[in-house]
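Q: Take a look at the following structure, please.
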Amino acid sequence: MATREIPRQEWTTFFDSFSKEHVGRRATVEVTGQDIGDQVEAQMQVFSGISADLKDHENRIAVIVGPSVDEATSRTVDSPTAVWLKEGDGQAQPSLEIRSSDGTATLLTLS
């Protein structure tokens, strides 16, 4: 499986495309960090989308999973510094790692 960094200037376009391609798939969202360890925020939920809010000096990424809008789980990553895509290879599914300035990483794994 190839891993590549998504340049910041491509985040909005990349997330739009990624969301359209994978909406409705099962997703797991994990957050890891030295202070918090490894925490699962959502497991095997329906992937609704991912977006970057970078306009007007905003700096955050939102990952949304869940069975419906009313029951969705949203993980907001404030001050993201890097986005990495691990591409699926036919058997393994794609995943994203979003790193933030506070040292935490949010992992979105699709199945």
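Q: Could you tell me which of the residues Ala82, Ala72 is small (Gly, Ala, Ser) and modelled with pLDDT under 95?
A: Being small (Gly, Ala, Ser) and modelled with pLDDT under 95 holds for just one of Ala82, Ala72, which is Ala72.
Q: Among the residues of the stretch 16-30, which ones are open to solvent by less than 70 Å² (accessible area, probe 1.4 Å) and either aliphatic (A, V, I, L, M) or closer than 13 Å to Ala82 by Cα (or both)?
A: Ala27, Val29
The values are calculated or read from the model by the stated rules, or taken from the named source; none is laboratory data. If you're wondering where the values come from, they're calculated on a predicted model, not measured in any experiment. Just so you know, the surface numbers come from the protein's heavy atoms only, side chains and all, with ligands and any DNA or RNA stripped out. Shrake-Rupley method; radii C 1.70, N 1.55, O 1.52, S 1.80 Å.
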